[in-house]
Amino acid sequence: MKALPRSRLDALIAEQEGLARVDRKTIEAIQLEKLNRLLAREKARGGFYRGLPERLDSLADLSTLPFTGEEDLARRAAGMLLCSQGEVRRVLSDATSGTTGTAKRVFYTEGDLENTVRLYTAGLGELIFPGGVTMICFPFSGPFGLGELIAEAVRRLGARPLKLGSALSYGEYREALERERPDTFVGMPVQLLSLLRVCGRGSLQRALVSGDACPGSVIRACEALLGSQLFPHYGSREMGMAGAITCRAHAGMHLRENHVIAEIVDERGVPLPPGEYGELVITTVGMEALPLIRYRTGDYTRILPGPCPCGSETLRLDTVRRRPSGPDVTVLDDAAFAFEGLIDCRYTLSGGILQVEALTRGDTDEAALAQRLRGVSDGHGVSVRSAPVHSEDRSLYAGKRCILR
Ligand SMILES: [Zn+2]
């Protein structure tokens, strides 16, 4: 059997950090050094983290530091900036934040955005080949927007980006597929499945999915229609929209550990060993504009134990989803998309009833779908209303999938 190529992340880390070899020891040494540099800088400038110790003796001591939360990013992000306002190239801001009502803001320098593009280039390099065409179904919102950063990575790999964005109708996507013949897709998982179910088996060959949780039934259905395994990516705004990439072993997502230190903690905030599920906590020592120490992401996953079959010793994250509270959209999606005729659906919880609007190919049994969802709706009643899909329909969610309330 041919040996698997090592994750492209190893070569990227070696180049960025000037290393001959990327193993656990060197990675952890770099992490501790960067963390101590950050702590010393914060102390010297009287920054947001000035109350923390000036240095740590070991990475294990990280667990003695307090957490940073979403409220801090909403209320104090400007004070957390480690660069001058003039060096900020992009600011990302949420419309609202659940707890404070204030927008959560994250800042990036040119160096941060270059690191993002380089991680995308490493991740996409596993499935994009020179001369190919890649359809990008993330929003294009200006020069340093997500779509443009991905397009730049595609160009660096010698392929052509097809910049479609996330808001076209199924008919418009199908037209673009027929006209431009892209071989690769980059976008959200359910959006990929909807497209494949509308456009048919073989309409695309390979895909990198990101930006939302990826339920098991969605992965299996996408892979059957593509005829190849998916390359999931994980990123969040706090880590520059670029965090962890899948290698050809398809055994979890390799984390960019020269920039991000990951911990998994339980509900009480106690660190858990590899293999156990909990909340992902990140310390972004490689971010120039807005490094965070022990930021609670609200994302739920685990670190896969041991080295990857590809030989890389960088940490790998398992599938990531939001921390569940009440009915969980990922569990609902997992049950719903097992129905082959389902193109998309949207959930609204109102008056104790989970209302489901479904777009179908016409061969979906509404009652069977409702019954299946009732089993995973956390005790809520379920009512399904379905309509056949038309070419002018588009995704029922503009962004991440959720239960509307
Ligand atoms: Zn690997």
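Quick notes on this one:
- Two-site FRET efficiency, Ala338 against Ser141, from Cβ-Cβ distance with R₀ of 41 Å, rounded to 0.05: 0.75
- D (Stokes-Einstein, µm²/s), Kirkwood Cα radius, the range 1-154, 1.567 mPa s at 4 °C: 70 µm²/s
- Taking 7 Å steps out from each Cα toward its Cβ at Arg385 and Thr64 produces label points 5.9 nm apart.
- Cα-centre dipole for the range 153-208 with unit charges at Cβ (Lys and Arg positive, Asp and Glu negative), debye to 20: 200 debye
- Spacing of the two label points (7 Å from each Cα toward its C-beta) at Lys25 and Ala176, in nm: 4.9 nm
- Carbon plus sulfur fraction of accessible area for the range 198-319, probe 1.4 Å, in percent: 50 percent
- Summed residue charge, Cβ within 14 Å of Ala44's Cβ, Lys/Arg positive, Asp/Glu negative: +4
- 19 Å Cα-Cα reach of Lys25 towards lysines, excluding residues that sit fewer than 8 places from it in its own chain: Lys34
- Cα centroid of the range 306-335 to Cα centroid of the range 206-239, whole Å: 11 Å
- Global size of the range 24-69 as Cα Rg and Dmax, reported in angstrom: 10.9, 33
- Backbone HN-Hα couplings from phi across the range 381-388 [Karplus 6.51/-1.76/1.60, Hz, Gly and Pro as x]: x, 10, 10, 10, 10, 10, 9, x
- Estimated inter-spin distance, Asp363 and Leu404, nm [label 7 Å along Cα→Cβ]: 2.9 nm
- When only the Cβ of Lys, Arg, Asp and Glu is charged (+1, +1, -1, -1), the dipole of the range 176-313 relative to its Cα centre reaches about 440 debye.
- Farthest toward positive dipole pole in the chain [+1 Lys/Arg, -1 Asp/Glu at C-beta], among Leu119, Leu157, Tyr170: Leu157
- Positive-end residue of Phe231, Pro130, Leu195, charge dipole of the chain with Cβ unit charges: Pro130
- Euclidean distance of C-alpha centroids, the range 1-75 and the range 244-274, integer Å: 13 Å
- Length added when fully stretched, Arg237-Ala78, from 0.36 nm per residue minus Cα-Cα: 55.7 nm
- Portion, in percent, of the accessible area of the range 324-405 that falls on carbon or sulfur, probe 1.4 Å: 47 percent
- With one equal scatterer per alpha carbon and no solvent term, the Debye-computed log10 I(q)/I(0) for the chain at 0.06, 0.08, 0.13 1/Å reads -0.24, -0.44, -1.17.
- Based on protein heavy atoms only, the chain ends up with 43 Å² per residue of surface accessible to a 1.4 Å probe.
- Full-stretch length increase - Glu71, Arg37 - with 0.36 nm per residue and alpha-carbon distance subtracted: 9.7 nm
- When only the Cβ of Lys, Arg, Asp and Glu is charged (+1, +1, -1, -1), the dipole of the range 1-156 relative to its Cα centre reaches about 100 debye.
The values are calculated or read from the model by the stated rules, or taken from the named source; none is laboratory data. Nothing here was measured: the structure is a model prediction, and the numbers come from that model. For neighbour counting, all protein chains shown are included, and Cβ atoms are generated from backbone atoms with ideal geometry for every residue, glycine included. In case anyone asks, the SASA skips ligands and DNA or RNA and just uses the protein heavy atoms, side chains included. Shrake-Rupley method; radii C 1.70, N 1.55, O 1.52, S 1.80 Å.
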